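J.: Structure provided below as structure tokens; questions to follow.
The values are calculated or read from the model by the stated rules, or taken from the named source; none is laboratory data. A quick note: this is a predicted structure, and the numbers were derived from the prediction, not measured. Please note: Cβ atoms are built from the backbone with ideal geometry, for glycine as well, and neighbour counts cover all protein chains shown.
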Amino acid sequence: MNYKVVIHTLGQLLKALSVILIFPFIVALIESEFSVQILLAFLGPSALCLGLGFILAHGKLKDSTFYTREGIVIVGFGWIIISLVGMLPFIIATAGVEELSDLSVIDWFFESVSGFSTTGASILHPVSGSHQIDIMYETGYKSVLFWRSLTHWVGGMGVLIFILAVIPSSAGASGIHLMQAESTGPTIDKLVSKMSSTARILYLMYAALTVLEIILLSLASIFDSKMNIFHAFVLSMGTAGTGGFAASSSSLGLYGPYVKIVVTVFMLLFGVNFNIYFCLLAKKFKDILQSEELRFYLGFIIVAIFSMTLIVFYSMKDVFAEYSSFGDVAIDVSFTAVSLTTSTGYATKDFTIWPDICRYMLLLMMFIGACAGSTGGGFKCSRFLLLVKIALVRCYKVINPRGVYSVKMDGKRVADETIQGVSGYFAIYILILLLSILFVAIDLSVRGISDLVTAFSSVLTCLNNIGPGMAPAIGPSGTFFGFSIPIKLLLSVLMLLGRLEIYPILMLFFPKTYSRGI
């Protein structure tokens with residue numbers, strides 16, 4: 001274990017975080033939020049990160065190379081550090097605010113983890129006839145809400161990948177190990193020969209799509225009085241990171257069809273593997289057409305939208321007036337399906353009241369998730385496809401033991417190491433999911449609540465970084481505030497496990513991870 005490079009890279013991370021904290025400070029100045037408490041909420045943590053960053057990253061490393069083990073430790077501890085720093089602005093800015101006085105340090109830690117992991121599950125809840133989000137927006141805490149959504153944008157592509165993009169010398173040729181530990185999916189490939197250039201390309205594409213969405217949403221302010229530039233920024237950052245935090249307790253139910261359609265399209269785009277966009281820029285159209293994961297991702301969503309639109313419209317049009325228009329139902333169903341598949345978590349309607357078959361389909365979409373190499377969460381389409389192919393090959397082997405079969409993806413044979421990795425990941429994933437459901441169910445039972453749906457849904461939505469659950473208590477209109485402190489901590493860990501795909505957090509608890517041998 002090269003401890004010096006681990007400490008040095010974490011120092012670079014803190015310095016990068018100190019710069020990121022300046023952006024909500026600028027928003028506070030623009031919105032005329034000049035209270036010492038709010039300004040200190042951003043400048044204080046920024047100065048702390050900058051000071052610690054210079055101490056940890058002081059001097060030049062003689063040996064800046066590291067391997068998978070160092071990459072895992074850097075990413076694991078790095079995300080814990082940014083989550084702890086991320087809660088400080090919330091705590092400092094809201095100290096002494098009566099409407100927010102029932103929120104503890106653990107609550108704000110949960111909110112910070114939820115933001116950076118792009119989960120979007122929130123502890124903010126209704127109080128005194130209003131909602132804490134709306135209270136913050138209306139009483140001079142827009143900068144805090146901006147920080148809340150900025151954590152989505154930063155966490156979407158990855159903080160360590162950001163360091164590779166802007167400070168390439170911090171990782172040198174070993175940057176692949178950082179990207180492998182922080183990126184989503186079973187594999188990570190270089191787009192170009194240098195890892196730092198790959199990181200830069202990824203962030204440029206990410207930023208370009210975000211800016212385009214901000215522009216399109218800003219245009220809505222011409223004909224939608226609810227939309228303004230602040231909301232455009234907040235929604236775009238939440239969409240880009242597939243997070244789901246909004247500046248209103250109504251999520252996207254506040255806006256008209258144009259905003260819903262724009263956000264739906266961009267949620268779908270951010271759920272696509274960013275390698276596809278690089279192939280598009282490089283005019284490698286054959287590679288795009290050969291992508292089985294992309295075809296499955298788009299096909300699954302289209303079939304689900306078509307089916308659920310018909311079911312919701314014909315089963316609920318006589319029950320709720322809001323479901324009487326087929327066009328409106330199609331927009332809301334499309335929005336919900338894409339939102340949950342990509343793990344964004346925005347909502348326009350309370351889907352927990354939809355027919356059971358629709359909720360079961362949404363649960364399946366929540367489980368499968370978006371594409372590998374995207375900002376979306378979930379188990380990932382590529383892993384799901386590989387598992388199906390592995391199962392089919394095993395069935396063929398049972399039928400014909402002497403036959404020679406191989407698992408192929410995009411027309412190419414999948415390496416045995418990848419197959420073993422996907423199978424092992426699935427086993428660990430299911431074990432963590434079941435144990436966590438058991439712990440949450442026991443906690444709820446001790447408190448006199450017998451609700452397996454809430455236990456299952458809360459764990460699945462946090463582990464897959466979705467946001468809202470299928471139970472009414474934690475659905476689009478619900479909140480995670482009611483859970484006990486131990487369960488909030490457990491769910492926070494699950495969000496980190498889900499965002500980093502288990503290993504970078506899990507390996508922190510293995511003593512062998514820190515041994516000096518390679």
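J.: Among residues belonging to the range 470-486 that are free of Cβ contacts under 8 Å to residues at least 60 places away in the same chain and buried (at least 18 other Cβ atoms within 10 Å of the Cβ), point out the one that is nearest to residue 241 (Cα to Cα).
T.: My answer is 478.
J.: Pick from 500, 489: which is surrounded by fewer than 19 Cβ atoms within 10 Å (Cβ to Cβ), within 30 Å of residue 70 (Cβ to Cβ) and touching a residue at least 12 places away in the same chain (Cβ under 8 Å)?
T.: Being surrounded by fewer than 19 Cβ atoms within 10 Å (Cβ to Cβ), within 30 Å of residue 70 (Cβ to Cβ) and touching a residue at least 12 places away in the same chain (Cβ under 8 Å) holds for just one of 500, 489, which is 489.
J.: Inspect all residues belonging to the range 313-321 and state whether any of them is charged (D, E, K, R) and either at pLDDT 95 or above or farther than 24 Å from residue 381 by Cβ (or both).
T.: Yes, the range 313-321 contains a residue that is charged (D, E, K, R) and either at pLDDT 95 or above or farther than 24 Å from residue 381 by Cβ (or both).
J.: In the range 19-45, which residues are surrounded by fewer than 22 Cβ atoms within 10 Å (Cβ to Cβ) and either free of Cβ contacts under 8 Å to residues at least 40 places away in the same chain or among the small types (Gly, Ala, Ser) (or both)?
T.: Passing the criteria: 19, 22, 26, 29, 30, 32, 34, 35, 36, 39, 43, 44.
J.: Provide a single number: the residues in the range 288-320 that are of a type in the set (Asp, Glu) and touching a residue at least 12 places away in the same chain (Cβ under 8 Å). Walk me through how you get there before you give the answer.
T.: Here is the first cut: in the range 288-320, the ones of a type in the set (Asp, Glu) are 292-293, 318.
Retained after the next criterion (residues that are touching a residue at least 12 places away in the same chain (Cβ under 8 Å)): 292-293.
The qualifying residues number 2.
J.: When only residues in the range 366-375 that are at pLDDT below 90 and not β-branched (Val, Ile, Thr) count, which is nearest to residue 269 (Cα to Cα)?
T.: Let us first name the residues in the range 366-375 that are at pLDDT below 90, namely 372-375.
From the residues that got through so far, the ones that are not β-branched (Val, Ile, Thr) too are 372-374.
Numbers: 372: 13, 373: 12, 374: 9 Å.
The residue in question is 374.
J.: To continue, here is another question. Quick check: is even one residue across the range 2-20 polar (S, T, N, Q), modelled with pLDDT under 95 and over 20 Å from residue 159 (Cα atoms)?
T.: For the range 2-20, residues polar (S, T, N, Q), modelled with pLDDT under 95 and over 20 Å from residue 159 (Cα atoms): present.
J.: Consider residue 250 against the criteria (1) surrounded by fewer than 18 Cβ atoms within 10 Å (Cβ to Cβ); (2) touching a strand residue (DSSP E or B) at 6+ places or on another chain (Cβ under 6 Å): it satisfies all of them except one. Which criterion is unmet?
T.: (2)
J.: Just give me the residues in the range 443-473 being under 18 Å from residue 493 (Cα atoms) and of a type in the set (A, V, I, L, M), in sequence order.
T.: Listed by number, the residues that qualify are 455, 459, 460, 463, 466.
J.: Residue under question is residue 402, and the condition is that it be among the basic types (Lys, Arg), more than 24 Å from residue 498 (Cα to Cα) and assigned to a loop (DSSP other than H, G, I, E, B); does it hold?
T.: Working: among the basic types (Lys, Arg): yes; more than 24 Å from residue 498 (Cα to Cα): yes; assigned to a loop (DSSP other than H, G, I, E, B): yes.
Judged against the criteria, residue 402 is a match.
J.: Looking at 170, 193, 183, 174, which is the one that is surrounded by fewer than 16 Cβ atoms within 10 Å (Cβ to Cβ) and at pLDDT below 90?
T.: Answer to the selection: 193.
J.: Determine if the range 218-228 includes at least one residue that is over 17 Å from residue 119 (Cα atoms) and crowded, with 18+ Cβ neighbours inside 10 Å.
T.: Among the residues of the range 218-228, at least one is over 17 Å from residue 119 (Cα atoms) and crowded, with 18+ Cβ neighbours inside 10 Å, which makes the answer yes.
J.: Select from the range 213-248 the residues that are of a type in the set (A, V, I, L, M, F, W, C), over 19 Å from residue 138 (Cα atoms), assigned to a helix (DSSP H, G or I) and touching a residue at least 24 places away in the same chain (Cβ under 8 Å) and list them in ascending order.
T.: 216, 217, 220, 237, 240 - these are the residues of the range 213-248 that are of a type in the set (A, V, I, L, M, F, W, C), over 19 Å from residue 138 (Cα atoms), assigned to a helix (DSSP H, G or I) and touching a residue at least 24 places away in the same chain (Cβ under 8 Å).
J.: Give me a count of the residues in the range 421-471 that are part of a helix (DSSP H, G or I) and among the charged types (D, E, K, R).
T.: 1
J.: I need the full set of residues from the range 123-137 which are buried (at least 17 other Cβ atoms within 10 Å of the Cβ) and closer than 14 Å to residue 98 by Cα, in order please.
T.: 124, 125, 131, 132, 133, 135, 136
J.: So which residues in the range 46-63 are of a type outside the set (A, V, I, L, M) and exposed (fewer than 15 other Cβ atoms within 10 Å of the Cβ), if there are any at all?
T.: 51, 54, 58, 59, 60, 62, 63
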